[in-house]
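Working notes for the structure below.
The values are calculated or read from the model by the stated rules, or taken from the named source; none is laboratory data. Just so it is clear, the model here is predicted, and its values are computed rather than measured. Here Cβ is always computed from backbone atoms with ideal geometry, including for glycine, and neighbour counts include all displayed protein chains. For accessibility, only protein heavy atoms count, side chains too; no ligands or nucleic acids. Shrake-Rupley method; radii C 1.70, N 1.55, O 1.52, S 1.80 Å.
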Number of protein chains: 2
Amino acid sequence: MSSGRGHHHEPAGAWTGHAESALRAAGHRSGGARSSVIAQLAASDCCATAQEVHDAIRASGQRVGLASVYRVLDQLVAVGAVTRVEFGDGVSRFEPAPPDGSHHHHLVCERCGVVRPFESPELERAIHGVGDRERFRVETHEVVLHGRCPDCLPKRA
Amino acid sequence: MSSGRGHHHEPAGAWTGHAESALRAAGHRSGGARSSVIAQLAASDCCATAQEVHDAIRASGQRVGLASVYRVLDQLVAVGAVTRVEFGDGVSRFEPAPPDGSHHHHLVCERCGVVRPFESPELERAIHGVGDRERFRVETHEVVLHGRCPDCLPKRA
DNA sequence: CTGACAATGAGAATCATTCTTATCACAGAG
DNA sequence: CTCTGTGATAAGAATGATTCTCATTGTCAG
């Protein structure tokens with residue numbers, strides 16, 4: 001599963017470049033910790049915790065401070081190149097945000113812990129409608145569905 | 001805003017009784033901390049943090065341990081009498097769950113911090129549809145919209 | 001009324017995250 | 001090319017919410 005080649009329409013390299021130029025545009029300089037974090041995020045196509053990113057970087061032999069991982073992730077979120085996701089377990093997860101502005105939400109299996117992304121134009125439409133009706137300018141939104149994945153459903157027969 | 005009388009269809013007392021019998025049915029005994037927490041939750045018609053519940057109880061002169069507040073809140077969530085809400089700021093909030101199963105979600109203003117509940121059958125329908133399509137048995141779901149409330153929108157003219 | 005066992009409270013322990021601070025590396029001036 | 005200012009970095013301390021521990025208290029069944 002680590003091959004990560006192409007069930008997305010854009011190559012992972014595209015996001016890497018996007019992230020780095022976004023940071024540069026925001027006035028940040030480049031550095032070792034930054035490239036490591038960006039490379040690591042690009043490598044995992046699903047969301048990862050700061051701790052996981054840190055561990056993966058250390059595993060690849062690089063020495064990066066945990067605080068630097070958090071700082072870089074915050075900067076990436078601030079420039080919109082990364083999305084912060086929270087599943088309610090007290091840990092933030094991060095995933096690359098496609099430059100085209102598309103986004104998805106997550107299904108979390110309460111039994112096996114698997115996380116699966118999904119998209120739903122209908123859901124997005126409903127959320128947009130709520131914003132209009134409540135006269136709220138909705139800037140971001142989070143939707144997390146908890147339940148049982150197909151593998152963890154008690155199937156009979 | 002503390003009068004709290006009746007823009008809901010059911011009296012606060014109804015929920016209090018519901019919560020206590022739900023706990024009893026789950027095999028829990030009653031105690032001082034429990035009644036304090038339930039009473040406090042019933043008093044505030046919007047979501048409150050464990051710390052806020054604790055402070056309010058102490059303010060009323062009762063001596064209740066913070067750990068007990070957390071424990072009782074967990075039990076209430078477990079029996080479905082309370083809903084846990086997370087806005088992504090690292091703090092859990094809790095609010096009474098109506099016995100009739102109805103529920104709402106929240107709009108959070110990023111500027112003034114005000115929280116407003118909303119309901120949207122369309123949104124619920126969309127979520128239900130996602131579960132069907134993904135063959136996921138959705139048991140709970142959380143939706144939080146972040147943005148600007150009407151008061152914090154830059155209005156001109 | 002009494003025993004068994006859950007509930008409680010105080011503080012310690014844990015865990016993710018943020019802060020502090022000394023050091024480091026790169027960009028531009030000279 | 002070398003010097004110097006500024007942002008980046010690493011390590012560990014600090015913070016804050018939540019959970020755990022355990023001695024004690026209170027509840028409820030019999």
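Annotations for the structure displayed:
- Ligands, DNA and RNA aside, A:Leu107 has an accessible area near 0 Å² when probed at 1.4 Å.
- Minimum 50 Å² accessible area buried by the other protein chains, segment A:133-148 residues, probe 1.4 Å, relative to alone: A:Glu134, A:Phe136, A:Arg137, A:Glu142, A:Leu145, A:His146, A:Arg148
- Per residue value of the accessible surface for segment B:104-157 (all protein chains in place, 1.4 Å probe), Å²: 58 Å²
- Position A:His28, label points 7 Å along Cα→Cβ, spacing to each other copy in nm (shortest first, one decimal): 4.3
- Excluding ligands, DNA and RNA and using a 1.4 Å probe, chains A and B jointly bury around 3200 Å² of accessible surface, summed across both partners.
- Label points for A:Gly129 are taken 7 Å from Cα along Cα→Cβ. From this copy to the others they lie 0.9 nm apart, shortest first.
- Helical runs (DSSP H, four residues minimum) scored at -39500 (n - 2.57) apiece and divided by the length of the protein assembly as shown put the mean residue ellipticity at 222 nm at -12500 deg cm²/dmol.
- Per the Debye formula on identical point scatterers at the alpha carbon atoms of segment A:72-138, with no solvent, log10 I(q)/I(0) at q = 0.26, 0.29 Å⁻¹ is -1.17, -1.18.
- Rg to Rh, two decimals, where segment A:104-157 supplies the alpha carbon set and Rh follows Kirkwood: 1.15
- Inter-copy separations for A:Ala59, label at 7 Å along Cα-Cβ, nm, ascending: 4.8
- When Rg and the Kirkwood radius Rh are both evaluated on Cα atoms of the protein assembly as shown, their ratio Rg/Rh stands at 1.00.
- In the context of the full set of protein chains, segment B:1-100 has a per residue accessible area of 57 Å² (1.4 Å probe).
- Minimum 30 Å² accessible area buried by the other protein chains, segment A:85-110 residues, probe 1.4 Å, relative to alone: A:Glu86, A:Gly88, A:Leu107
- Comparing A:Val82, A:Gly27, A:Gln40 along the charge dipole axis of segment A:13-100, the residue lying farthest to the positive side is A:Gly27, per the Cβ-charge model.
- Cleavage-rule hits, trypsin sites (Lys or Arg not before Pro), segment A:22-100, DSSP coil, Cβ neighbours within 10 Å at most 12: A:Arg29, A:Arg63
- Segment B:104-157, accessible surface, carbon-and-sulfur percent (1.4 angstrom probe): 48 percent
- The value of relative contact order for chain B, using C-alpha pairs under 8 Å at least six residues apart, is 18 percent.
- Degrees separating the helix B:121-134 axis from the principal Cα axis of chain B, which is the longest one: 90 degrees
- Within the accessible area of segment B:1-100 (1.4 Å probe), percent carbon and sulfur: 51 percent
- Bridge type composition, chain A - antiparallel percent by DSSP, nearest 5: 75 percent
- Karplus-derived 3J(HN,Hα), 6.51/-1.76/1.60, for each residue of segment B:55-72, Hz, glycine and proline x: 4, 5, 5, 4, 4, 7, x, 8, 9, 10, x, 4, 4, 5, 4, 4, 4, 5
- Cα gyration tensor category, rounded, prolate or oblate, for segment B:6-157 with a/c compared to 1.5: oblate
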